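If you scroll down you'll find the structure; I have some questions about it.
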Amino acid sequence: GAVVSQHPSWVICKSGTSVKIECRSLDFQATTMFWYRQFPKQSLMLMATSNEGSKATYEQGVEKDKFLINHASLTLSTLTVTSAHPEDSSFYICSARGGPFGARWGKTQYFGPGTRLLVL
Amino acid sequence: GQSLEQPSEVTAVEGAIVQINCTYQTSGFYGLSWYQQHDGGAPTFLSYNALDGLEETGRFSSFLSRSDSYGYLLLQELQMKDSASYFCAVKNYGQNFVFGPGTRLSVLP
């Protein structure tokens, strides 16, 4: 099956610093990637949808200047949390849609393993 | 608006059968997915229903009724390793997936 990787898996940083999280589709071309945030014992909340080569679409209430998303290639999307604060501590998960052989409208999403961010 | 409803918790014993329901109200509907998430892990795909009816994949089956905006995940021959959170997710006209609040399944020995 399709594989999506995320790096780093864990990050601890000081308040005010910026953190970059990478999401890669390893064996397929992901035309669309999604970024989610999940707080403990809660559901996944979609933050933004990024399409390769275009600007990301942010969900209501998500600050686009704080959560910078870049989808420069069909296999890589990055999320940068700028000037992180303790309230940004969360589990960030990316997912990719595309499927093998470049299928554009995959019937499912393939999730990365997630990145736990702790801001001190 | 968009909303999905699931029971927050379900408890069952090993070997039993459990059904997790999901009702939805979304802006458009293409299909209903189910995901499993163990504590500390990322979600993993279980099933996808675009048409009415039952889809079976091993011990897990998923059902959809589009007219009732309702679906369920059926887990048979429960095992301890099935203890996890289960999320339904609707694929809407924006081609995004909107996730339900999740159901925490506890399987007891």
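The values are calculated or read from the model by the stated rules, or taken from the named source; none is laboratory data. Owing to the predicted nature of the structure, the values given are computational and were not obtained by experimental measurement. Methodologically, a virtual Cβ is constructed for each residue, glycine included, from the backbone with ideal geometry; neighbour enumeration extends over all protein chains shown. Heavy atoms of the whole protein, side chains included, go into the accessibility calculation; ligands, DNA and RNA do not. Shrake-Rupley method; radii C 1.70, N 1.55, O 1.52, S 1.80 Å.
When the Karplus curve 6.51 cos²θ - 1.76 cosθ + 1.60 is applied with θ = phi - 60°, which whole-Hz ³J(HN,Hα) does each residue of the stretch B:34-48 get, with x for Gly and Pro?
10, 10, 10, 9, 7, 3, x, x, 8, x, 10, 5, 10, 7, 9
With Cβ to Cβ distances under 12 Å as the rule, what net charge do the other residues near A:CYS13 carry (K, R +1; D, E -1)?
Net charge in that neighbourhood comes out at +2.
Then there's this: Enumerate the calculated ³J(HN,Hα) couplings along the stretch B:65-82 in order (Karplus 6.51 cos²θ - 1.76 cosθ + 1.60, θ = phi - 60°), each rounded to whole Hz, writing x wherever the residue is Gly or Pro.
10, 5, 5, 9, 6, 8, x, 8, 10, 10, 10, 10, 6, 3, 10, 4, 5, 7
To continue, here is another question. Distance in nm between label sites at A:LEU118 and A:GLU59, each 7 Å beyond Cα in the beta-carbon direction?
2.5 nm
While we're on this one: Students often forget the sequence filter, so: which aspartates and glutamates lie under 12 Å Cα-Cα from A:LYS41 once same-chain residues fewer than 8 apart are removed?
Leaving aside aspartates and glutamates fewer than 8 places away in the same chain, those within reach of A:LYS41 are B:GLU9, B:ASP39.
Suppose we take every Cα in chain B and form the convex hull; what volume per residue is that in Å³?
Once divided by residue count, the hull of chain B is 92 Å³.
Filter A:LYS14/A:LYS55; A:LYS14/B:LYS81; A:LYS64/B:LYS81 down to the pairs with a C-alpha to C-alpha distance above 32 Å, please.
Correct reply: A:LYS14/B:LYS81; A:LYS64/B:LYS81.
Further, regarding this structure: At R0 = 30 Å, how high is the FRET efficiency between B:VAL13 and A:TRP10 if r is their beta carbon distance? Nearest 0.05 is fine.
With a Förster radius of 30 Å, E is 0.25.
Sort A:63-70, B:59-66 by the packing proxy (mean of other Cβ within 10 Å over each peptide's residues), most packed first.
The densest-packed peptide leads the list: B:59-66, A:63-70.
For the stretch A:7-50, state which residues have at least 50 Å² less accessible area in the presence of all protein chains than in their chain by itself, taking the probe as 1.4 Å and leaving out ligands, DNA and RNA.
A:SER43, A:LEU44
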